[in-house]
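Structure, as structure tokens:
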Amino acid sequence: WREAPPPWDYSARAATLAEAATSLLDLGTGGGEMLASLGDALPKDTWAVEAYTPNVSVAQARLSSLGVRVVPIDPSDLRPVPGQDMAYALPFPAARFDLVLSRHEAYDPAEVGRVLRPGGHFLTQQVGGRSHEEINAALGVPPYFLHDWSLQVAAEQLREPGLRVVLGEEAVVRTEFLDAGALAYYLKAVPWQVPGFTIAGYRAALRAVPMPLVASSRPFLLEAVKPRA
């Protein structure tokens, strides 16, 4: 499949904010690829958390040379957050960080507000819940279970703990699937789009989808600041 990038540069904005920060926390760092790409922009006091156990050692190996400490999150500590997927309490004291980053990671808005210092920034890039809803419609299945997740909902959630939203951008990005094989490969790689998807179980539905299929993702970028007292 082919998908265009969003019209903003998350990594560039993260690097700009990191250069001005003295402490940084990356939520859901994965294998540490994005954080490592910031390189010299990272403050000496940089931490990351990761809840997917196989990623922890990968991130530690990649980030240790940069002085980044990676803290594993116990999967049993995950809890639902309204409108989002499962998030977790952050194992840090209040007012600990100048900057918190979250690229495609669910987060607890109250926890983000708690660990930010006054004047600190939160930057997140998320994928809206209506993304690729054309796929679900074409296969005759219900929409993605976080259907209502959007820039507006995320901004409202961050205002509840007192953060001030300073930037919000949303885009509609086209993805083109040229044949049923590409669509099946995508759904195997992204199992949350159609839960329980198997090629055998959806063979007839896949054959019935008119190709090429154009679907739209709805990413958004959001930046908020914790006001100074």
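The values are calculated or read from the model by the stated rules, or taken from the named source; none is laboratory data. All figures in this text were calculated on a predicted structure; none of them were measured in a lab. Here the Cβ positions follow ideal geometry from the backbone for every residue, glycine too, while neighbour counts run over all protein chains shown. These accessible areas exclude ligands, DNA and RNA; they are computed on the full protein's heavy atoms, side chains included. Shrake-Rupley method; radii C 1.70, N 1.55, O 1.52, S 1.80 Å.
For the chain, report the accessible area per residue in Å² (1.4 Å probe, heavy atoms, rounded to an integer).
With the other protein chains kept in place, the chain gives 48 Å² per residue.
Given an 8 Å cut-off on Cα distances and at least 6 residues of separation, report the relative contact order of region 167-229 as a percent.
Value for region 167-229: 60 percent.
Label-point separation (nm) for Ala110 and Glu134, each offset 7 Å from Cα along Cα-to-Cβ?
4.0 nm
With the full set of protein chains in place, find how many percent of the accessible area of region 104-229 is carbon and sulfur; take the probe as 1.4 Å.
55 percent
May I ask you to evaluate 6.51 cos²θ - 1.76 cosθ + 1.60, the Karplus curve with θ = phi - 60°, for each residue of region 171-178 and list the ³J(HN,Hα) values in order in whole Hz, giving x for glycine and proline?
Residue by residue, region 171-178 yields 9, 10, 10, 7, 10, 10, 9, 7 Hz.
Could you list which residues have their amide H under 5 Å from that of Val71, counting only those 5 or more apart in sequence or on another chain, with H placed in the peptide plane?
Ala48, Val49, Glu50
From the phi angles alone, apply the Karplus equation (6.51, -1.76, 1.60; θ = phi - 60°) to region 132-143 and give each ³J(HN,Hα) in whole Hz, x where the residue is Gly or Pro.
Coupling constants for region 132-143: 6, 5, 5, 5, 4, 5, 5, 8, x, 10, x, x Hz.
Under a crude label model (7 Å from the Cα following the beta-carbon direction), how far is Asp148 from Glu33 in nanometres?
Distance between label points: 3.3 nm.
Using r as the Cβ-Cβ distance of Leu167 and Ala95, and R0 as 22 Å, what FRET efficiency do you calculate, to the nearest 0.05? Intermediate results must be reported in sequence, preceding the final value.
Working: r = 22 Å, r/R0 = 1.01.
Result of the calculation: an efficiency of 0.50.
Given a Förster radius of 41 Å and the C-beta distance between Asp9 and Met211 as r, what FRET efficiency does 1/(1 + (r/R0)^6) yield to the nearest 0.05?
Approximately 0.80, to the nearest 0.05.
Work out from phi, with θ = phi - 60° and the Karplus expression 6.51 cos²θ - 1.76 cosθ + 1.60, the ³J(HN,Hα) of each residue of region 219-224, listed in order in whole Hz, and give x for Gly and Pro.
x, 9, 10, 9, 10, 9
Once neighbouring chains are kept in place and the probe is 1.4 Å, which whole percent of the accessible area of region 1-52 is contributed by carbon and sulfur?
Using a 1.4 Å probe with all protein chains present, region 1-52 comes out at 52 percent carbon and sulfur.
In deg cm²/dmol and to the nearest 500, what is the mean residue ellipticity at 222 nm of the chain if only DSSP H runs of at least 4 residues count, each as -39500 (n - 2.57), divided by the residue total?
Values: 8 runs with 65 residues, N = 229.
The helix-only estimate for the chain comes to -7500 deg cm²/dmol at 222 nm.
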